[in-house]
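*Asks:* My questions all concern the structure below.
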Amino acid sequence: MTLAAEAPPRPRIEAEPVPAPRLEPEQPIVLATPAACRGVGTLGLASTGVGILAIGLAALATGNFVAAQFARAASLGWLTLAVAAAGFGLIGAGIWREARALLGLAHVDHLRAALAGPDLVQARAAAGAWLRGLPDQTGLLPAIEAADEVATVAALLRAGPGSVLRGRTDALGRAAALQVFAATAAVPSPALDGLLVGWRGLRLVRQVAELHGLRPGLLGTAALLRRTALAAAMVTATDLAANTAAHALLSNPLLERLAGDAAGAAVAARRMVLLARAAAAACSPVPPA
């Protein structure tokens, strides 16, 4: 019996190590973003056109009516003219007040940009313009003029009028928070709680703006709320969510009263303080530390 010859072992082929690909640093891809449109929007143009047509046509109709009254009798004409002048004068005063409020907010943005920029002369001028608009704050002007850096000017403003305004803003926020806490804990309806918080937040924003030397009207308040829209939305939304969740999850009336309403009121009160600070940041040109 013959044994089959064993096959010779196959030689092992060692694979040569392949060097890892070398990653060359690449330049980051920068996507060009379109420039933001700073002009008046479509809604603004349409609203302005409607206002011009309404006031212009009303003025023409009033002028024709005044002329007809003069044709009837001089006394009727002068009386009609006085009434028309008083009415259009009040309308003009209201428009001027709204325009001044919007210009005040734009002025705050201009001062903020000057205080955050590298130009010391512009920073001094902006600080002086802001201090002259605040009561009892002109005593800091010599120190502002003697400052040799923009950071020093900003630090002086933060330590002086900025600190005073922060304290008064927090006081307004705490007063609003106390009122909201008491009211929302007593009102059993989440919807009414949301309306109450929204109304008190709007009043708080106006109070903070007046504290900073601004007199916002209807359009000025809308522009100011646009800057603090996130905080204002969080106030009402958080309050509604907290109260709705508490009323849905808790079945015991006593627990619902103690836990749900108290928790929602505490959240709403805390949001009032944050809203006051957000409004103060929008009304103050002083850059944060």
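*Asks:* Just need a number here: residues in the range 131-142 that are among the hydrophobic types (A, V, I, L, M, F, W, C) and either modelled with pLDDT of 85 or more or surrounded by fewer than 17 Cβ atoms within 10 Å (Cβ to Cβ) (or both). Quick ask: steps written out before the conclusion?
*Replies:* At the first step, the residues of the range 131-142 found to be among the hydrophobic types (A, V, I, L, M, F, W, C) are 131, 134, 140-141.
Subset that is either modelled with pLDDT of 85 or more or surrounded by fewer than 17 Cβ atoms within 10 Å (Cβ to Cβ) (or both): 134, 141.
The total comes to 2.
*Asks:* Another one. Looking at G94, G89, G77, G104, which is the one that is in contact with a helix residue (DSSP H, G or I) (Cβ under 8 Å, 6 or more places away or on another chain), closer than 30 Å to G56 by Cβ and modelled with pLDDT of 85 or more? Quick ask: steps written out before the conclusion?
*Replies:* Values: G94 fails: in contact with a helix residue (DSSP H, G or I) (Cβ under 8 Å, 6 or more places away or on another chain); G89 fails: in contact with a helix residue (DSSP H, G or I) (Cβ under 8 Å, 6 or more places away or on another chain); G104 fails: modelled with pLDDT of 85 or more.
Just a single option satisfies the conditions, and that option is G77.
*Asks:* Under the condition of being surrounded by 10 or more Cβ atoms within 10 Å (Cβ to Cβ) and within 26 Å of the chain's Cα centre (by Cα), which residue from the range 41-55 is modelled with the lowest pLDDT?
*Replies:* Per the criteria, the residue is G44.
*Asks:* Right, another one. Only one of (1) outside any helix (DSSP H, G or I); (2) without any contact (Cβ under 8 Å) to a residue 24 or more places away in the chain is not met by A113, so which one is it?
*Replies:* Of everything listed in (1) outside any helix (DSSP H, G or I); (2) without any contact (Cβ under 8 Å) to a residue 24 or more places away in the chain, A113 misses just condition (1).
*Asks:* Pull out all pairs, ordered by first then second residue, where Cβ-Cβ is under 8 Å, the residues are six or more apart or on different chains, the first lies in the range 175-204 and is under 25 Å from P216 (Cα atoms), and the second is modelled with pLDDT of 80 or more and among the basic types (K, R).
*Replies:* Here the result reads A176/R200; A176/R203; Q179/R200; V180/R200, each pair linking the range 175-204 to a residue that is modelled with pLDDT of 80 or more and among the basic types (K, R).
The values are calculated or read from the model by the stated rules, or taken from the named source; none is laboratory data. Remember, predicted model here, so these are calculated numbers, not experimental data. Using ideal geometry, Cβ is built from the backbone for each residue, glycine included, and neighbour counts are taken over all protein chains shown.
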